[in-house]
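All remarks here apply to the structure that follows.
The values are calculated or read from the model by the stated rules, or taken from the named source; none is laboratory data. Remember, it's a predicted structure, so these values are computed and weren't measured experimentally. Cβ sites come from the backbone with ideal geometry, for glycine too, and all protein chains shown count toward neighbours. For the accessible areas, the whole protein counts, side chains as well, though only heavy atoms, and no ligand, DNA or RNA atoms are used. Shrake-Rupley method; radii C 1.70, N 1.55, O 1.52, S 1.80 Å.
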Protein chains: 2
Amino acid sequence: MKISVTVTLKKDVLDPQGKVVKQTLKNLGYENIEDVRQGKFFEIELNENDQVKAKKIIEEISKKLLTNTVIEDYSINYK
Amino acid sequence: MKISVTVTLKKDVLDPQGKVVKQTLKNLGYENIEDVRQGKFFEIELNENDQVKAKKIIEEISKKLLTNTVIEDYSINYK
């Protein structure tokens, strides 16, 4: 089972990486870029066919390891 | 218009970050993790209402700046 987790900075947290990408795009002539936020993406292959169990594991992993829940949010995408 | 771009390493490219996450999860007791691949995620806010133009811009940006097309793939998600 393939599951992807996207981790993004919370809305009010400053995102210096995103700011650099935005500024670079402006310098390249893309004037209509309003904002860029950068995050992390994980694709996890799980050896578990029970969807409920898989969901529980991925939720746990996301909170424990993949996300710093003080400043980041995560969203899980089951394929 | 909000558009997200996910950049992942190509299938045959070694992913040391993903390997570390996988090993850490194994050490934490998650035995049924088969594989972890890590990538980047960009959320772009574009001041462009014409969907065709927006698509063109995002494709360009993805190829020029966000992705190293030698070793990475990208996928675009229009919301």
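Among the residues examined, A:Lys11 qualifies as loosely packed, with under 12 Cβ neighbours inside 10 Å and modelled with pLDDT under 95. Inside region A:38-71, can you point out the residues that are open to solvent by 30 Å² or more (accessible area, probe 1.4 Å) and closer than 28 Å to A:Lys19 by Cα? Scanning region A:38-71 gives A:Lys40, A:Glu43, A:Lys63, A:Lys64, A:Leu65, A:Asn68, A:Thr69, A:Val70, A:Ile71.
With the condition kept exactly as written, say whether any residue in region A:18-40 is touching a residue at least 24 places away in the same chain (Cβ under 8 Å) and charged (D, E, K, R). Yes, the conditions are met somewhere in region A:18-40. Residue count for region A:22-37 satisfying the condition of being at the interface with chain B (Cβ under 7 Å from one of its Cβ atoms) and assigned to a helix (DSSP H, G or I): 2. The set of residues in region B:49-72 that are out of contact with any Lys or Arg (no Cβ under 7 Å at 6 or more places or on another chain), more than 11 Å from chain A (Cβ to nearest Cβ) and in a loop (DSSP other than H, G, I, E, B) comprises B:Thr67, B:Asn68, B:Val70.
Summed over region B:45-79, the residues that are touching a helix residue (DSSP H, G or I) at 6+ places or on another chain (Cβ under 7 Å) and not aromatic (Phe, Trp, Tyr) give a count of 6.
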